[in-house]
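The values are calculated or read from the model by the stated rules, or taken from the named source; none is laboratory data. Because the structure is predicted, anything quoted here is derived from the model rather than measured. Here the Cβ positions follow ideal geometry from the backbone for every residue, glycine too, while neighbour counts run over all protein chains shown. Note: accessible area is taken over every heavy atom of the protein model, side chains too, but ligands, DNA and RNA are not part of it. Shrake-Rupley method; radii C 1.70, N 1.55, O 1.52, S 1.80 Å.
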Amino acid sequence: MSNKNINAYSFYRYLISNGYYFDKKLIENYLLSLKVKPFTILTGNSGTGKTKLSQLFAKYINSEIIDPKIEPNEDKEKYVNIKGKINYSSWSNQGWTLEKSNFENYIPLKHCEEPLDILINDTPTEGQMMIGIQLFYDSVDLKNHMKTLYNENNLKGRYNKNTPEIDIKINCQGIKELLDDYSEIDNYVLLEQNSNKSAYEKGYWMLNMKIFDYLPFKKGFVPCKIIIDGIKSFAKLRITPRFKFNKTTKIMEILTEKKGQKVELKLKINNKDFKNFKPKWDCDKPNENVEKIETHKNADDKYIIVPVGANWTDNTNIIGYYNVITNEYHSTPAYDFIQKAENDSKNPYFLILDEMNLSHVERYFADFLSAIESKEEIPLYGKDRTIKLPENIFLIGTVNVDETTYMFSPKVLDRANTIEFDTLDAIDYMNNNINTEDFNGNIEYLQSPLIDSDISDLNIEELKEVLSNISYNGNNLWDILANELTIFQKTLKSSGFDFGFRVINEILRFMIVSWKYEKTPTEWNNWQRYFDAQIKQKILPKLHGSEKAIGDVLIKLFNNCLNNRENNENPKNFKIKTENARYPSSAMKLQNMAKVLSQQRYVSFIN
């Protein structure tokens, strides 16, 4: 990708727009890990996107970005007045489904909602497209304001008739961005839909994303800005197409017979009229008033991918060496890249070591591991000088899991967050069956790896000062974390996989940046989600051994991850649910390891 403007609400949305689908928690864990320590290990099967994730993040944050995170300016931007309603969703979900009548002058809704002839598995009936327009906002102040209005109007529960209306100002540029190109058709559009509960019970479908090829709207969220009662907020809009059809006897027989299976839906859309729709804009030209954050005009020089060779036995392949014959220093691309990062301290740089475990990591990377920990300089081979790792450089190691690679030692794993990449199911990948809801926390904080870069300098007393001011169920979070860490530490001691001060400190630092990402709540009810990530990223990666060596430990660790820790559950037979596991992702990993151990008599974290 060459340098260009990136119009994306977040890195997560940017990945989706480029055809890369990752679990949202994995993205959060990766970005939060960068804040705690500049060394991260990404492990998983080949082709799961480990290298691409780091490459695209480097591009995303170092490109010229059209940023929705700019304070709305009424004088500079034109706004469209829309009506909304005060209801439960307006504050609990921070958004609405808006009235379509408000948009008649701006987007061609009526041209999409005409009655249509349809075929379901070639059986004819009639139906109608139903277009929804959803708006979600960011501002906590606006959420509190909407909650106050909800309570002042004595509204109760989720559903209320005749809820009061409010005026919403939406910048017209955001509404313009909803419009997109489409493909003209002369006959039926073929979609595949699941015969799901909404279809065979209620007679409607949320349509396959392919429908956007034939409708003049963008799929996914579009950033915008809004003003309500003088409160300004960043927001996002999206179009949601739904299709309602007549439930004839024959159609219902087909849908009931095909429950949970795919059926063919053919829609006869006359979409040529879309071109005749002329929006009545009273606005400036598109993008004219969209402000930009210009970080660097060439994102491609802010990362480098260095393939690790199987013959690497020292660090000369990374930082070069002094040639005594030519009396010159033999540089490397990585060495030049580190120096470039040192001369540009305001921007993050990413050194990606691809297939890092093709050779013994301890042989060629030991100096880097020490420098990361001590922040001392690295001696250059054959020359009486050194090189310092600048604070704006991030080291990313990708690890493929197969028989040609070497296992990492505890020395390496202690000094990194190890993030596992799972394979996305083919059917989900091919049909875009992914969660497209955006990050819920402070996106700007999450996506800025240099913010709080000094978090690694906090000592135990400073960590305690922060975490002691956070509560959970009336208890001090510091005390809760101390107890949880002690439970896992004692379990591991019996098998020689104990962890010390370094791991404890880094887990606590990760908890602090996660708390800040979640907008620093005094009562933090979601801390277990992030502690779960740290169990999997910092504690479990060191596990490996035979059934005799670690079989009992796996069972104990698995039960540590459950709500009820006293039942001594067998991980191979236990059905993990969110309601019975306090740390579900770690429990799932331990369950998979226990199954491999049972079948092969040996297991490691990267199996």
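Can you check how the C-alpha radius of gyration of segment 205-270 compares to 2.2 N^0.38 Å, as a plain ratio?
My calculation over the Cα atoms of segment 205-270 gives 1.65.
Could you let me know the centre-to-centre spacing of segment 483-545 and segment 207-273, using Cα atoms, in angstrom?
42 Å
Before I look further, what does the chain give for accessible area per residue, probe 1.4 Å, in whole square angstrom?
47 Å²
At what distance in nm do the modelled label points of Met252 and Glu566 sit from each other, each positioned 7 Å from its Cα along Cα→Cβ?
About 5.2 nm, to one decimal.
What is the set of long-range amide H partners of Ala581 at a cut-off below 5 Å, with H atoms built 1.01 Å from backbone N?
Asn563
Where the Cα atoms of segment 96-185 are projected onto their three principal axes, how long is each span, largest first, in whole Å?
Rounded to whole Å, the extents work out to 52, 32, 21 Å.
Any chance you could run the full-extension gain for Ala310 through Ser101? It's 0.36 nm times the residue separation minus the Cα-Cα distance, nm to one decimal.
68.8 nm
What is the magnitude of the charge dipole of the chain about its Cα centre, with +1 placed on the Cβ of each Lys and Arg, -1 on the Cβ of each Asp and Glu, and no other charges, expressed in debye to the nearest 20?
1620 debye
Give a residue-ordered list of calculated ³J(HN,Hα) values for segment 93-102 (Karplus: 6.51 cos²θ - 1.76 cosθ + 1.60, θ = phi - 60°; whole Hz; x for Gly, Pro).
Whole-Hz 3J(HN,Hα) from phi for segment 93-102: 9, 6, x, 9, 9, 7, 5, 5, 4, 5.
Nearest 10 degrees is fine. How inclined is helix 501-517 to the longest principal axis of the chain, computing both from alpha carbons?
So the helix axis and the longest Cα principal axis differ by about 20 degrees.
Using the charge dipole of the chain (Lys, Arg: +1 at Cβ; Asp, Glu: -1 at Cβ; taken about the Cα centre), state which of Ser92, Ile175, Ile480 has its Cα farthest towards the positive end.
About the Cα centre, the residue reaching furthest to the positive side is Ser92.
Based solely on its DSSP helices, what 222 nm [θ] is calculated for the chain when runs of n ≥ 4 H residues each add -39,500 (n - 2.57) and the sum is averaged over all residues, nearest 500 deg cm²/dmol?
Calculated mean residue ellipticity at 222 nm is -9000 deg cm²/dmol.
Calculate the FRET efficiency for Asn475 and Lys202 from the Cβ-Cβ distance with a Förster distance of 35 Å, rounded to the nearest 0.05.
0.20
Let's test the formula: R0 of 41 Å, r as the Cβ-Cβ distance of Met430 and Lys464. What FRET efficiency results, to the nearest 0.05?
After rounding, the FRET efficiency stands at 0.25.
Dipole size in debye (nearest 20) for segment 236-284 around its Cα centre, Lys and Arg Cβ +1, Asp and Glu Cβ -1? Can you show the working numbers first?
Values: 15 positive and 6 negative charges, 16 e Å.
About 80 debye.
Convert each backbone phi in segment 536-544 into a coupling constant with the Karplus relation 6.51 cos²θ - 1.76 cosθ + 1.60 (shift: θ = phi - 60°), then list the ³J(HN,Hα) values in order as whole Hz, x for Gly and Pro.
Karplus-based 3J(HN,Hα) across segment 536-544 equals 6, 8, 10, 9, 6, x, 7, 6, 6 Hz.
Evaluate E = 1/(1 + (r/R0)^6) for Ala482 and Ser345, where r is the Cβ-Cβ distance and R0 equals 30 Å; express this FRET efficiency to the nearest 0.05.
The value I calculate is 0.25.
Take the residue pairs Lys78/Lys100; Lys236/Lys266; Lys202/Lys272 and return only those whose Cα atoms are more than 27 Å apart.
In this structure, Lys236/Lys266; Lys202/Lys272 exceed 27 Å between Cα atoms.
If you average the sequence gap of Cα pairs under 8 Å that are 6 or more apart and divide by the length of segment 547-607, what percent do you get for the contact order?
It rounds to 35 percent for segment 547-607.
Beyond 25 Å between alpha-carbons counts as too far, so tell me which of Lys85/Lys110; Lys50/Lys519; Lys83/Lys275; Lys25/Lys262 fall in that bin.
With Cα atoms farther than 25 Å apart: Lys50/Lys519; Lys83/Lys275; Lys25/Lys262.
Under 5 Å between amide H atoms, partner at least 5 residues away or on a different chain: which partners does Ile393 have, H built in plane at 1.01 Å?
Tyr349
Putting +1 on Lys and Arg Cβ atoms and -1 on Asp and Glu Cβ atoms, find which of Thr123, Leu34, Asn469 reaches farthest to the positive end of the dipole of the chain.
Thr123
Just to be sure I understand the model, the point goes 7 Å from the Cα along the line to the Cβ. What's the resulting Asp498 to Ser183 distance in nm?
6.4 nm
Short version: ³J(HN,Hα) in whole Hz for each residue of segment 11-20, in order, from phi by Karplus 6.51 cos²θ - 1.76 cosθ + 1.60 (θ = phi - 60°), x for Gly and Pro, what are they?
3J(HN,Hα) across segment 11-20, in whole Hz: 4, 4, 5, 5, 4, 4, 5, 9, x, 10.
Compute, for Thr332, the solvent-accessible surface of its heavy atoms (probe 1.4 Å) with the complete set of protein chains present, and express it in square angstrom to the nearest 10.
10 Å²
Along the Cα→Cβ direction, 7 angstrom out, place labels at Trp281 and His330. What is the inter-label distance in nm?
It is 5.9 nm.
I'm checking a number: the convex hull volume of the Cα atoms of the chain, normalised per residue, in Å³. What is it?
Given the Cα convex hull of the chain, per-residue volume reads 199 Å³.
Can you give the % of DSSP beta bridges in the chain that are antiparallel, to the nearest 5?
About 75 percent, rounded to the nearest 5.
Amide H neighbours of Gly132 under 5 Å, counting only residues 5+ apart in sequence or on other chains, H built in-plane at 1.01 Å?
For Gly132, whose amide H was placed from the backbone, the distant partners under 5 Å are Thr240, Arg242.
Two decimals, Cα atoms only, Kirkwood Rh: what is Rg/Rh over segment 490-607?
Checking Rg against Rh, the ratio lands at 0.99.
Could you work out the Kirkwood radius for segment 159-233, taking every pair of different alpha carbons, averaging 1/r and inverting it, reported in Å? Walk me through the intermediate numbers first.
Values: mean 1/r = 0.0623 Å⁻¹.
Evaluated on segment 159-233, it is 16.0 Å.
Tally up the carbon and sulfur contribution to the accessible surface of the chain as a whole percent, 1.4 Å probe, everything protein left in place.
44 percent
Choose one of Ser359, Thr313, Tyr517: the residue whose Cα lies farthest towards the positive end of the charge dipole of the chain (beta-carbon charges +1 Lys, Arg; -1 Asp, Glu; about the Cα centre).
Towards the positive end, the residue furthest out is Tyr517.
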